[in-house]
Structure formats: structure tokens, C-alpha cells
Amino acid sequence: MQTVTTAESARYAKCVEVSKRIRWDIDRDVIRGRTFDFTKKFLPDGLSKVDRLDFLTAAEQRLLSQIQGRTYANIFGLVERFIAAKVLEVSHEHRLGDQNALEALVRFGDEEIKHQELFRRIDRMCAEGMPAGYTFVPEPNAVATAVLAKSTWAVLALTCHIELFVLAHYRESIDPDPDLSPLWKDVFLYHWREESQHAILDELEWKREDARLAPEARDAAVDDLIALVGAVDGILQAQAAADTHYFVEVCGRPLSASDVEKLRAGVLAAYRWQYIVSGVQEPRFAEALNGLITARQGARIGAALGPILA
Ligand SMILES: [Fe+2]
Ligand SMILES: [Fe+2]
């Protein structure tokens, strides 16, 4: 077992301190009896990319941003199922060791369980203001079972990537947009506050796991990470098709076959940006990953990402 250094223990302790200070409650702090304002967008154009779909009216772009927002909440509910399970698993390593590390990870797991509840609430609140027929395709436990079958190194790499893009989305796109639904903004403000500690803990645990791997095991873990990103892309393709189908059903006018295809391609490009590309391009993630892998492994990951980044 790798021992926790004094410096690492202090970082875990800091995460515990901040987690206690900023801890929030779903009803008392975030929702506060409010409902969503459906005259506003849910996702900023920087994430939804709806402004590129110039054959849609402003009202249609807003509807598409609300559908994408509902999917955004559902995707987090999905990934947090496997993140919570993996974090509770790695916390075992610290059971009788550094108690700051143990507490930080237990709080992390507890927060992700709370976030899943928040995102289920958000989905139900979206349903109240949207026509029937929306479907979220992937099933959280089926995805979690497949993800958790991969090596811990790869799961922690994917988790670190996800939690860093959560921070980037809030900081760069959600916070600066004055026109989003205020409740929607609050959901992601409060989520961002707890995720900030998660991203630190992901990096600590990922590096600890890396330090125990032999070169061959790390090489296999890189293949696992490539497979996980491919699986994420498969989910995004299925959900982009489902969300496009729903939009076409509820938008209130017939769209030509070529516009439907442009719409599907535009939604898929937005989802790839949201859940893959924006994380890969996050300098903190690139730095963490490149610090653990060889140039040849980096090139393998780059080649696998090629069709997604295109
Ligand atoms: Fe979360
Ligand atoms: Fe998180």
C-alpha cells in the first residue's frame, strides 16, 4: 500500500474542511421552492451550440437548449453512479490509514449520491414543463457495471476528466451567461462548489493508483481508457438521435429530411464537445494525463480521439 505523505494528507484535510463549509441541501439551498422558467435557455450556446443551427427560430433554439439541458442533468446522474461506486471502493485503501483521506473520500461519495438525487429531481421538474415523449436512453446501472469492469486507473482517469470539464463548463459558459434560467444556474453553481474538491481528490487517487502499476498494466489501462471514451461516444450518439427525434416530434412544424440530419449532427457535435472534447482540452487534465503516460501511449489516445475531434 502507498503511504499518504504529510503534504497529501494536508490536501485531503483541506478538501474535508471546504466540503464541510460549503455543504448544501437540495431543497433548502438549491431549489428553494422554485420551478424552471421555460422562457429561458437551460444551457448556454457555448455548450449547446444551438446558435449554429440557423434554420431554427429563436424559440426552437431555446427548446433545443432545454432538451439538451435535461440530458445534461441525466448524463451527470448517470456518470455519478459509477463515480460514487469507484470512490467508495478506493476509500477502502485508507480505512485504517490516513483518516483525512478516508473522510475526504467518504464525503465525496456521499456528495455524489446527493447529486444523483438532485439530477433525478431536475429531470422530473423538466418533465413538468415539457411535452411527453422525452427519453434518456442509457441505464445508469448497466453503464456503471460496464465501466467498473475496467481497470481502476482508467476509471479514475475518466472521472478526473469528467469532473474537470464540469468546472470548465460552469466557469467558462454557465456562470457568465446572464440569460439562463436562474434556478438552472443555481443547480450548476452548487454542483460546481462540491465538484471542485472532487477534481482534487480524483487527481490524488489517480496518481496513487498509477504509482502501483507496472508498465504493462499501465499500457493495458490506457487501452481501457480508450475503450471507455469509445463507450461514452456510443452513448452520445444514441442520445443525440433520441433528443433529435423528440425535438422533431414536439417542435410544432415539419422539418425537411436534410434539416433533421443537420440537427442530429449538430446535437451530436454539441454532446461530443460537452462530454469529451472540452475535458480533453482542459489544460489541467492534459497535464495530469501526460505526467503519467509515455509519448507513444499519448499518440494512441490521440489517434482514438481523432474521429471524435473531427
Ligand atoms: Fe457531482
Ligand atoms: Fe463529482
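In table form, for the structure just shown:
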{"quantity": "Checklist (1) small (Gly, Ala, Ser); (2) more than 20 Å from the chain's Cα centre (by Cα); (3) closer than 27 Å to Ser9 by Cα applied to Ala199, failing item", "calculated": "(2)"}
{"quantity": "Hey, Ser173 away from ligand 1 (no atom under 14 Å from the Cβ), over 17 Å from Glu80 (Cα atoms) and modelled with pLDDT under 95 or not", "calculated": "yes"}
{"quantity": "Leading residue by the ranking (nearest to Ile83 (Cα to Cα)) among those in region 192-222 that are buried (at least 17 other Cβ atoms within 10 Å of the Cβ), more than 16 Å from ligand 2 (Cβ to nearest atom) and not basic (Lys, Arg)", "calculated": "Glu209"}
{"quantity": "Residue match in region 127-142 (condition: within 13 Å of ligand 1 (Cβ to nearest atom), more than 30 Å from Thr6 (Cα to Cα) and of a type in the set (Ser, Thr, Tyr))", "calculated": "no"}
{"quantity": "Close pairs from region 181-208: first over 18 Å from Ile26 (Cα atoms), partner among the basic types (Lys, Arg) and away from ligand 1 (no atom under 11 Å from the Cβ), Cβ under 7 Å, at least 6 apart", "calculated": "Ile200/Arg11; Leu204/Arg11"}
{"quantity": "Hey, Leu158 within 16 Å of ligand 2 (Cβ to nearest atom) and either surrounded by 22 or more Cβ atoms within 10 Å (Cβ to Cβ) or free of Cβ contacts under 8 Å to residues at least 12 places away in the same chain (or both) or not", "calculated": "yes"}
{"quantity": "Top-ranked residue of region 169-184 - restricted to ones that are assigned to a helix (DSSP H, G or I) and in contact with a Phe, Trp or Tyr (Cβ under 9 Å, 6 or more places away or on another chain), ranked as surrounded by the fewest Cβ atoms within 10 Å (Cβ to Cβ)", "calculated": "Arg171"}
{"quantity": "All positions within region 57-101 that are in a loop (DSSP other than H, G, I, E, B) and free of Cβ contacts under 8 Å to residues at least 60 places away in the same chain", "calculated": "Thr57, Arg95, Leu96"}
{"quantity": "Options Pro182, Pro176, Pro138, Pro131; residue that is in contact with a Leu (Cβ under 8 Å, 6 or more places away or on another chain), away from ligand 2 (no atom under 16 Å from the Cβ) and not acidic (Asp, Glu)", "calculated": "Pro138"}
{"quantity": "Some residue of region 100-107 being surrounded by 15 or more Cβ atoms within 10 Å (Cβ to Cβ), within 13 Å of ligand 2 (Cβ to nearest atom), modelled with pLDDT under 95 and not charged (D, E, K, R)", "calculated": "no"}
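The values are calculated or read from the model by the stated rules, or taken from the named source; none is laboratory data. The structure presented is a predicted model; accordingly, all values stated were derived computationally and were not measured. Using ideal geometry, Cβ is built from the backbone for each residue, glycine included, and neighbour counts are taken over all protein chains shown.
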